[in-house]
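Report on one structure; see the data block that follows.
The values are calculated or read from the model by the stated rules, or taken from the named source; none is laboratory data. Because the structure is predicted, anything quoted here is derived from the model rather than measured. Neighbour counts are summed over all protein chains in view; Cβ atoms, including those assigned to glycine, are modelled from backbone coordinates with ideal geometry.
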Amino acid sequence: MLRSLQASNQVKASPFLKWAGGKGRLLAQYQPLFPQQYGRYFEPFVGAGAVFFHLNPQEAHLSDVNGELVNAYQVIRDHAEALISTLSGYPHDKDFFYALRAQDPATLTSVERAARIIYMNKTCFNGLYRVNRRGQFNVPFGDYKNPRILDVAGIRAAQNVLQGVSVTHQGFDAVLTEAQSGDFVYFDPPYHPLSSTASFTSYAADDFGPEDQIRLAAVFRRLDAKGVKLMLSNSDTPFIRDLYDGFEIQQVWAPRAINRDASKRKGVNEVVVTNYATQLAAPASSHRLAVVGEDRR
């Protein structure tokens, strides 16, 4: 059940942040993998929200462990005009960037916190959001000539879609007590690393390691037993395939937009796990989409 499309003269809502692992470039491949019908929509690792904005579900519950990210969603939903007013006064300036980065978010209003994360995301190196062990943003100033710090139409479009949407600061396992039979849960966790040097999980103070992946797989199976429709994205590794053995596994080709070395922004295979039969179109060679598992239902 989807919301009616916005009027053609309105900007279509899309992610207001650039996020490591964002799914904007994968939506064409994901489209035949989404369930055809479902009740409520849950996304426990919302990140930039590309899938949420694409589906525009009638009833949605978004969450994340990153409190600054959750606050930004809540402010756009509830105080978009105040956010626009605040961001309009922020200059593209290196000294201003570092002064803003040094601020303790706990000393700021919710609107100022949201403006801070959006500003830093638009002006930092490679649009990367990363924090250290103390939860402090630690990405340097980026080399942009004229970044789009304030996207008024984009913020207002996101505000429109977020009306009535629940956005909470909580861990992924909370969905166990919330989602019911017929609901749809999309999991997009920090990916299991392809190698010992390939990991990027520091979008929050605590890393997401193998034990967390195992906990997530256990939650996935418990939700499956409740009749919840499930979809999960992750890296294509033997570890992940073993965790979701018995479910349907699709392989997708994912471009890489965030890397310190631009020459290495190529692409890798990823997997999409579902507990329902997908409506796959004929796979396009450019997408490298292939069925490598069987439907367990």
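Annotations
- Residue in the range 21-41 that is within 19 Å of the chain's Cα centre (by Cα), in a loop (DSSP other than H, G, I, E, B) and at positive phi present: yes
- When the range 220-241 is filtered for residues that are touching a residue at least 24 places away in the same chain (Cβ under 8 Å), within 23 Å of GLN36 (Cα to Cα) and not basic (Lys, Arg), the ones remaining, listed by number, are PHE220, LEU223, ASP224, GLY227, VAL228, LEU230, MET231, LEU232, SER233, ASN234.
- Taking each residue of the range 163-187 that is in contact (Cβ under 8 Å) with a residue 40 or more places away in the chain and looking for partners that are of a type in the set (Ser, Thr, Tyr) with beta-carbon atoms closer than 6 Å, six or more apart or interchain, yields VAL167/TYR73; THR168/SER63; GLN170/SER63; PHE184/TYR38; PHE184/TYR41.
- Qualifying residue in the range 205-219 (condition: modelled with pLDDT under 95, out of contact with any Lys or Arg (no Cβ under 9 Å at 6 or more places or on another chain) and among the small types (Gly, Ala, Ser)): yes
- Taking the conditions (1) modelled with pLDDT of 95 or more; (2) under 28 Å from TYR98 (Cβ atoms); (3) of a type in the set (A, V, I, L, M, F, W, C) in turn, VAL139 satisfies each one other than (1).
- Residue that is surrounded by the fewest Cβ atoms within 10 Å (Cβ to Cβ), among those in the range 53-102 that are of a type in the set (Phe, Trp, Tyr) and touching a residue at least 12 places away in the same chain (Cβ under 8 Å): TYR98
- Total residues in the range 42-70, condition under 22 Å from SER181 (Cβ atoms) and part of a helix (DSSP H, G or I): 3
- Selected residue (criterion: farthest from the chain's Cα centre (by Cα)) from residues of the range 1-18 that are at pLDDT below 85 and hydrophobic (A, V, I, L, M, F, W, C): ALA7
- Filtered by the rule that a residue be in contact with an Asp or Glu (Cβ under 7 Å, 6 or more places away or on another chain) and closer than 21 Å to ALA153 by Cα, the range 52-96 gives PHE52, VAL70, THR86.
- Residues being in contact with a Phe, Trp or Tyr (Cβ under 9 Å, 6 or more places away or on another chain), more than 20 Å from VAL272 (Cβ to Cβ) and at pLDDT below 95 - total across the range 154-201: 1
- Output for the range 127-154, where each listed residue is surrounded by fewer than 15 Cβ atoms within 10 Å (Cβ to Cβ) and touching a strand residue (DSSP E or B) at 6+ places or on another chain (Cβ under 9 Å): ASN138, PRO140
- The single residue among TYR73, TYR98, TYR144 that is part of a loop (DSSP other than H, G, I, E, B) and out of contact with any helix residue (DSSP H, G or I) (no Cβ under 6 Å at 6 or more places or on another chain) turns out to be TYR144.
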